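All remarks here apply to the structure that follows.
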Protein chains: 2
Amino acid sequence: MNYTRAALFIIGTELTRGVISDRHGRLISSQLTQLGYRVERIIILPDDGSVSVLLKECVKTCDVLLVTGGLGPTSDDRTRSIIADLAGVELIRHPLAFEALYKRMGERIWGANEQQTMIPEGFEVIPNPNGTACGFRGFIRVDEREVLVVALPGPPREMDRMFFDHVRPLLGELSGHNDFERSDYSTYLLGESKLEELCRSVASEGLEWGTRFQEQTISLYIAGGDQEKRTAMVERLRSLVGPLLIVDGDVQPVEMLIKELKERGQSIATAESVTGGLVSKLLTDQSGSSAWYWGGVNTYAYEAKVRLLGVKEETLATFGAVSTECAKEMAEGILRQSSADWALSVTGIAGPSGGSEEKPVGTVCFGFASRTLETQSVQVHLSSHSRDIIRRRAATVAFLLAARYIQGGCLLDTVKKWQYS
Amino acid sequence: MNYTRAALFIIGTELTRGVISDRHGRLISSQLTQLGYRVERIIILPDDGSVSVLLKECVKTCDVLLVTGGLGPTSDDRTRSIIADLAGVELIRHPLAFEALYKRMGERIWGANEQQTMIPEGFEVIPNPNGTACGFRGFIRVDEREVLVVALPGPPREMDRMFFDHVRPLLGELSGHNDFERSDYSTYLLGESKLEELCRSVASEGLEWGTRFQEQTISLYIAGGDQEKRTAMVERLRSLVGPLLIVDGDVQPVEMLIKELKERGQSIATAESVTGGLVSKLLTDQSGSSAWYWGGVNTYAYEAKVRLLGVKEETLATFGAVSTECAKEMAEGILRQSSADWALSVTGIAGPSGGSEEKPVGTVCFGFASRTLETQSVQVHLSSHSRDIIRRRAATVAFLLAARYIQGGCLLDTVKKWQYS
């Protein structure tokens, strides 16, 4: 049979009430389109079970029905039983689903969450590494056709990964378009529209691309053509934006630094001002972080810089807190206080207030010190009007440059070559 | 007649191919929700005329059908004729539509654009100040009901203004429901399924509720009934979960602390271990945070606690780093180092590794010190298997308890009453 016609059902009362925007529709339909499907409709509807009627309608004409949402533990979440009903089978407790949930919840599984271990009989579990709701997939016979029905949880952090790992490959097999070639990259410091502009300027025929905003990165994929063509495109991008800002695969900036530290079995200490703890928070997001993170200080007030780090009053008076001089003393100060091998510092102006003509909002200075290498410090301008984005980008720069510093690179050279805005 | 049920049809092949994201769904559905409508579905579909069948289906059950897109001059754009067909009337040239288009295009009107001057007979023109496609609105009689049907062009720049100027006012008139009743709350530390269970156990007839997961809170709304009934329900919830964990409105936990500090013109210093900088990051998310945040330390390593905070080696050896004793010394240590008025500390085990029988993953101790009040420290158990959630909840507890401490409360009493898991 020929799998071509698809329909998406996106369930969430917060979507039909306009509280939040849907993100799945575009993501999934672009993937389906790449795989040769025609998306006949994307239907967003409340958690009230009304999806039932629409599924029964669409199963007559579509080859693939994909449902997101309605898999939670609450009374509104009835996707499981609706799909079982559509398939004409019972809901049964699936051992894999049970085991996975038990691992997360232990004995607390015996409450509202228990129903999350049930899937329609004959369906296959789709594991959820980021949440309690497993997904499932199976085929429903309609006349001579075997319609694929897939259910995934609503939260994007859970849905995205499950879709790419367990649904997209099957969809490719079914449509016969599984040879679709694609390369993924992570980009740092670049805005989404800037990145789009750059891609347009260097794209060659037959290549498609797309971007996706994440917390610390913007993901970029280049699809079509062959590997060589895609690599040539990304190399042209790299030559435009400068070193370190586009890397292969899905890589968080903090991982670049952690990798260098882990390889050496060494640790780092931090002295933050503008990022206010974001750098250390990201360094400790993973379990086992005491192996590479010694600790650090958030010296928000002038006085904190002096008392906790030994920054000289004179330096603050002459150059200000946002200066390469202060960044240098901050990094050296925390290195001295600690037994860490490396130290980094960040001081800057995230705005919206506090900027001046000489040092506008977005000015951020970074310092790097170690037991073996000479201290380095650089100033960077991060052009955004969002305090949040400036702070996140400042953390990104800190990680990229710290990794480079540990490798023995010259940071001034690196930042001089950056063209990110 | 009672206008309550609405459906949106958003037409655009670029949407179902995932080339662009829909923006109308959220905008229009939030407006409809405000006006007391219930949006039963948002359907996104290609420019292929397939909207026809769905409109015929929905007109049977909905009171308002709103269509965007498909009003352009190309052959794919057939919304006009589909709605005329649905209404059982002819398309006629409308003098206002003709006049407006003639003004824009002059004699070039006699081509593909000509059809843009046609609307279903008996319908009213909605002028488009930003483009060539006018919209239209009218009523279709279905049994005893008069269903409102509205068509607007797809480009947001055109649609938005036409919707707000000519559609929203009419929708408000029809629903007569400008004051839909609903109360919003923020809840802390409670899991979504736990909260759902609690709501179910205390809900009274006629009340609906819903929850929404946010970074540091889960929002809860209670709708229907009257204010008194909603307040009674939330009071029952509060009595079940204990003090501080459910507050009115949309309030981030950090705001509770910042409010206390701002009122007094005082500042706080932090000593974090398990949260690794998250507490200070949240305290500095807003501009102007140097007014209430002095700075702090992230003492991840044992040695960092000793060197940066003066925690006694003996305390660490006897009670461990995760103990109320250590939390107390951490808070007093950073208070001593700083000139802040208040100090808080957090030390705990976020896992997944590092737990023991005596101190399982999720054990977190908090210390609070000040220039005037006696130091307090408490231990709390946060039951989650997610490192990320434990860290976020630990930050929440730190803010709630710090606010309570500043008010002069007894923290041991507070946490004893908590029933959050």
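Just so it is clear, none of the values below were taken in a lab; they were calculated from the coordinates. Keep in mind that this is a model prediction, so the values were computed, not measured. Methodologically, a virtual Cβ is constructed for each residue, glycine included, from the backbone with ideal geometry; neighbour enumeration extends over all protein chains shown.
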Worksheet entry | Along principal axes, Cα extents of the protein assembly as shown, largest first, whole Å | 87, 61, 51
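So for chain A, averaging the separation of alpha carbon pairs under 8 Å that are six or more residues apart and normalising by length, what relative contact order in percent results? Provide the component values of the computation, followed by the final result.
Details: 789 pairs, mean separation 45.9, N = 421.
So the answer I get is 11 percent.
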Fill in: Mean separation of Cα contacts under 8 Å (6+ apart) over length of region B:83-134, as relative contact order %
45
Item to complete: Could you work out how far apart the two model spin labels at B:Arg141 and A:Glu57 are, taking each label as a point 7 Å from the Cα in the direction of the beta carbon, and quote it in nm?
Response: 2.5
Worksheet entry | Antiparallel bridge percentage (DSSP; both residues within the protein assembly as shown; nearest 5) | 60
Worksheet item: Between copies, how far does the label point of A:Glu263 sit from its twins, in nm, shortest first, when each point is 7 Å from Cα along Cα→Cβ?
Response: 5.3
Item to complete: Report the dimensions of region B:182-248 along its three principal axes from the alpha-carbon atoms, largest first, rounded to Å.
Response: 29, 20, 20
Worksheet, complete the sentence: Once amide hydrogens are built 1.01 Å from N within the peptide plane, the residues lying 5 or more places from A:Gly135 or on another chain with amide H under 5 Å from its amide H are A:Ile126, A:Asn128
Worksheet entry | Degrees, to the nearest 10: A:253-264 long Cα axis against longest axis of chain A | 70
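For Cα pairs less than 8 Å apart in space and 6+ apart in sequence, what is the mean separation divided by the residue count of region A:1-94, i.e. the relative contact order in percent?
This gives 36 percent for region A:1-94.
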Worksheet item: How big is region A:34-101 by Rg and Dmax over its Cα atoms, in Å?
Response: 13.7, 37
Fill in: Computed [θ] at 222 nm, deg cm²/dmol, chain A (DSSP H ≥ 4; -39,500 (n - 2.57); rounded to nearest 500)
-11000 deg cm²/dmol
Discussion item. Considering only C-alpha atoms, what is the centroid distance from region A:200-214 to region B:246-270, in Å?
Written reply: 45
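From largest to smallest, what semi-axes in whole angstrom does region B:257-324 give when each is the square root of 5 times an eigenvalue of its alpha carbon gyration tensor? Don't skip to the end; give the middle numbers.
Details: eigenvalues 150, 28, 19 Å².
Output for region B:257-324: semi-axes of 27, 12, 10 Å.
Which semi-axis lengths, in whole Å and largest first, follow from the square roots of five times the eigenvalues of the Cα gyration tensor of region A:253-416?
Working: eigenvalues 104, 59, 44 Å².
Working through the eigenvalues yields semi-axes of 23, 17, 15 Å.
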Discussion item. Looking at the calculated P(r) for region A:312-373, what percent of the C-alpha pair distances fall above 19 Å?
Written reply: 35
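Counting only DSSP beta bridges with both residues in region A:5-175, tell me the antiparallel percent, nearest 5. Please list the in-between numbers first.
Values: 13 of 30 bridges.
Approximately 45 percent, going by the DSSP bridge assignments.
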Discussion item. From the convex hull of the Cα coordinates of chain A, what is the mean projected area in square nanometres?
Written reply: 23.6
Worksheet item: What is the ratio of the Cα radius of gyration of region A:1-141 to 2.2 N^0.38 Å, where N is its residue count, to two decimals?
Response: 1.06
Discussion item. Treating the point 7 Å from Cα along Cα-beta-carbon as the label, what are the nm separations from B:Glu357 to the other copies, to one decimal?
Written reply: 7.1
Practice prompt. Could you work out the local net charge near A:Phe9, counting Lys and Arg as +1, Asp and Glu as -1, over the other residues with Cβ closer than 10 Å to its Cβ?
Written response: +2
